[in-house]
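Peer 1: Before anything else, here's the structure in question.
We did not get these values from a lab; they are worked out from the coordinates using the rules stated. From a predicted model like this one, the values you see are computed outputs, not experimental measurements. Counting neighbours? That spans all protein chains shown, and the Cβs are built from the backbone with ideal geometry, glycine included.
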There are 2 protein chains.
Amino acid sequence: MIKNSELEKENFNIWLIEDNLHFRRTINGLINQTPGMKCSNAFETCEEAISLMETEFPPQVILLDIGLPGMTGIEGIEKFKKISPSTHILILTIYDDNEKVFDALCAGASGYLLKDSSPDKIIGAIEEVLSGGAPMSMQIAHKVLEIFSNLKPKKNDYGLTDRESEILKLMVTGLTKQQIADQLFLSFHTVNTHLKNIYVKLHVNTKSGAITKAFKENLI
Amino acid sequence: MIKNSELEKENFNIWLIEDNLHFRRTINGLINQTPGMKCSNAFETCEEAISLMETEFPPQVILLDIGLPGMTGIEGIEKFKKISPSTHILILTIYDDNEKVFDALCAGASGYLLKDSSPDKIIGAIEEVLSGGAPMSMQIAHKVLEIFSNLKPKKNDYGLTDRESEILKLMVTGLTKQQIADQLFLSFHTVNTHLKNIYVKLHVNTKSGAITKAFKENLI
DNA sequence: ATGACAATCGCACGTTCGTGGTATATTAAA
DNA sequence: TTTAATATACCACGAACGTGCGATTGTCAT
């Protein structure tokens, strides 16, 4: 499987954090059987790994479970990344809900695999993060795109005119009516009128309400 | 390469939108050589494809370029998805900037390949979308995670107390000071004081400013 | 036990906002 | 050509806000 001479020379350092003894041993063995990779430490909890990371040289890759006793894997990611930003975190878990996937990737994970991945896939994923990729199980990649498409929601159309949108944008920056008027070389009264119309269209009756709505519904 | 009996039976319908004649012919040939796949239509522009889509039966997959004459691929995605939500859009382009990737995936693309992908990869990607996956070139997957980690920015800590955060949350819902006071069974003056302190901590001096900051920096 | 912080409550004053009106010029559609 | 929509401008008044001063109480660590 592995015939990359670079890998064989470098002997990449990998840590494993996994509370299930059996799975930990399996993965550990798998990595150490792979030329060019070495699972130098295997932990049951993030806490143990963190304390060692502060004294020892950090690994290139951490294989990280999410459902752990004590600190969760998600929380762990941030800690690891703070200590060693260059270490790649590869999530290896049973959880595939949007929430966990989203949080893990936001926290800085470099990849996300489900535990049903084959040994080949797991080793391949480690190689992929090492070469700058972002390995994901098929289902996870799909979820990621799902999250994306929900990210930019139906751009609700309240029928704001161009001028009104422009004024809404300025309002969001925190300007008062008078300041907006100055900025656009308009009379205070004109801005006042526009605001009134904006409020009617957005069904609000305060600046705060308009701003909140603007953010929540991507009107900015 | 392809030995999936399901694919051979079904003969999946694929459309191609690509303005480069040479590349269009190449991909067209590639698909038609693949058992179980048929490139039934190849277009130069989104406009042509859209008009045909309104009369003919839509394909299972559209291979879509982004840099097209007339309507861009990104704009096209939304149109296609509106006409036929179940059609998978697979982006095949030279553009790999965050902006385009982000927009395409938000618009509802099911995958994103770079044009330097090998024929095998392209066919593999089509199979992957058909089986519910989300194929991405390695670089693209990496960019996607990059976008994610920038999504949840440094949760700036302004040292708000629990009470202050609570009041900030209520403020965002559009309540007045008096309404917030009622909600929390506090005096108007107490809320007023808390707001003053919030303003100092957030370096703002209006409700609007506080709300904007709350949204922009995820303080909610 | 002293000090720092958080949470609560109070008042006064000037500023800004929200809303009820009215009105004109321009432009685009019917 | 009439109509509708948009952008512009004005006024007045009460409500809400922002900010300057206070103050008391409790908690928690030093």
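Peer 1: Which one of B:Ala109, B:Ala42, B:Ala181 has the biggest mean-square fluctuation once chain B is modelled by GNM with Cα springs under 10 Å?
Peer 2: B:Ala181
Peer 1: Quote the relative contact order of the range A:5-151 in percent (integer), defining contacts as alpha-carbon pairs under 8 Å separated by 6+ residues.
Peer 2: Details: 236 pairs, mean separation 27.7, N = 147.
Across the range A:5-151, relative contact order equals 19 percent.
Peer 1: With charges set only on the Cβ (+1 for Lys and Arg, -1 for Asp and Glu), what does the dipole of chain A come to about its Cα centre, in debye to the nearest 20? Walk me through the intermediate numbers first.
Peer 2: Details: 23 positive and 28 negative charges, 233 e Å.
For chain A, the charge dipole is close to 1120 debye.
Peer 1: Could you please state, rounded to a whole Å, how far the C-alpha centre of the range A:101-145 is from the C-alpha centre of the range A:34-98?
Peer 2: 14
Peer 1: As a check on your grasp of the helix formula, calculate [θ] at 222 nm for the protein assembly as shown: sum -39500 (n - 2.57) over DSSP H runs of n ≥ 4, divide by the residue count, round to the nearest 500.
Peer 2: Theoretical 222 nm ellipticity from helices: -16000 deg cm²/dmol.
Peer 1: GNM on chain B, C-alpha springs below 10 Å: top fluctuator among B:Leu160, B:Leu151, B:Leu90?
Peer 2: B:Leu160
Peer 1: If a/c stays under 1.5 just call it rounded; otherwise compare a/b with b/c (prolate if a/b is bigger, oblate if not). Do that for chain A, with a ≥ b ≥ c from the square roots of the Cα gyration tensor eigenvalues. Write out the running numbers ahead of the final one.
Peer 2: On the way: a/c = 3.23, a/b = 2.96, b/c = 1.09.
Because a/c hits 1.5 or more and a/b exceeds b/c, chain A counts as prolate.
Peer 1: If exposed GluC sites (Glu not before Pro) are those in a DSSP loop with at most 13 other Cβ within 10 Å, what is the longest stretch of chain B that has none?
Peer 2: Value returned for the longest uninterrupted segment is B:57-220.
Peer 1: I've got another one for you. Only Cα pairs within less than 10 Å get springs; with that Gaussian network setup on chain B, which residue of B:Phe12, B:Phe57, B:Phe43 has the largest fluctuation?
Peer 2: Maximum among the listed residues: B:Phe57.
Peer 1: Sort the protein assembly as shown into rounded, prolate or oblate with this rule: let a ≥ b ≥ c be the square roots of the eigenvalues of the Cα gyration tensor; rounded if a/c is under 1.5, and if a/c is not under 1.5, prolate when a/b is larger than b/c, oblate otherwise. The partial results should precede the final answer.
Peer 2: Values: a/c = 2.68, a/b = 1.24, b/c = 2.17.
In terms of gyration-tensor shape, oblate.
Peer 1: Given contacts defined as C-alpha pairs under 8 Å and at least six residues apart, what's the relative contact order of the range B:97-141, whole-number percent?
Peer 2: Worked out over the range B:97-141, it gives 42 percent.
Peer 1: How about the range B:111-220: which chymotrypsin sites (Phe, Trp or Tyr not before Pro) there lie in a loop by DSSP and see at most 10 other Cβ atoms within 10 Å?
Peer 2: Passing both the DSSP loop test and the Cβ count: B:Phe185.
Peer 1: Sequence gap at least 6, Cα distance under 8 Å: using those rules, report the relative contact order of the range A:135-197 to the nearest whole percent.
Peer 2: Computed value for the range A:135-197: 23 percent relative contact order.
Peer 1: Just to confirm the filter: which trypsin sites (Lys or Arg not before Pro) across the range A:115-220 are DSSP coil and have at most 14 other Cβ within 10 angstrom of their Cβ?
Peer 2: Answer by residue number: A:Lys154, A:Lys155.
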